[in-house]
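Below: the structure, in structure tokens.
Every number here is computed from the coordinates shown, using simple stated rules; none is lab data. As the structure is a prediction and not an experimental result, all values here were calculated from the model.
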Amino acid sequence: MTPMLGMFTFIFNLIGLVICLAGLTLAQRRGKLQQTRWPGYTLAGLGFLFATTPIWIQGLLVQ
């Protein structure tokens, strides 16, 4: 792994973790709109995909 890719891995993981936690917090919120939890779960899924982006890049570079 190159040093640049290692730096991007840390940044992508940190930002993805924050996005995922924000999405899960949004999905957990209770109140009048209990039926609309899908935006929070979608945001959490996107955060997870954002955090795993360096792993996908490594897989594509190795092949």
For the chain, the Cα convex hull volume per residue in Å³ comes to 54
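What number, in percent, do you get for the relative contact order of the chain if the mean sequence gap of Cα pairs under 8 Å and at least 6 apart is divided by its residue count? Can you show the working numbers first?
Details: 63 pairs, mean separation 26.4, N = 63.
Relative contact order, the chain: 42 percent.
Helix check for the chain. Which DSSP H runs span at least 30 Å along their own axis by Cα, with a mean Kyte-Doolittle hydropathy no less than 0.0?
Values: long enough: 3-28 (38 Å, 1.83).
Length and hydropathy pass: 3-28.
Please give the length that would be gained between Leu5 and Thr42 if that part of the chain were fully extended, namely 0.36 nm times their separation in residues minus their C-alpha to C-alpha distance (nm, one decimal). Spell out each step's value before the answer.
Details: separation 37, 0.36 × 37 = 13.32 nm, distance 2.67 nm.
Gain in length upon complete extension: 10.6 nm.
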Taking the chain and counting helices only, DSSP H stretches of n ≥ 4 at -39,500 (n - 2.57) each over all residues, the nearest-500 ellipticity at 222 nm comes to -26500 deg cm²/dmol
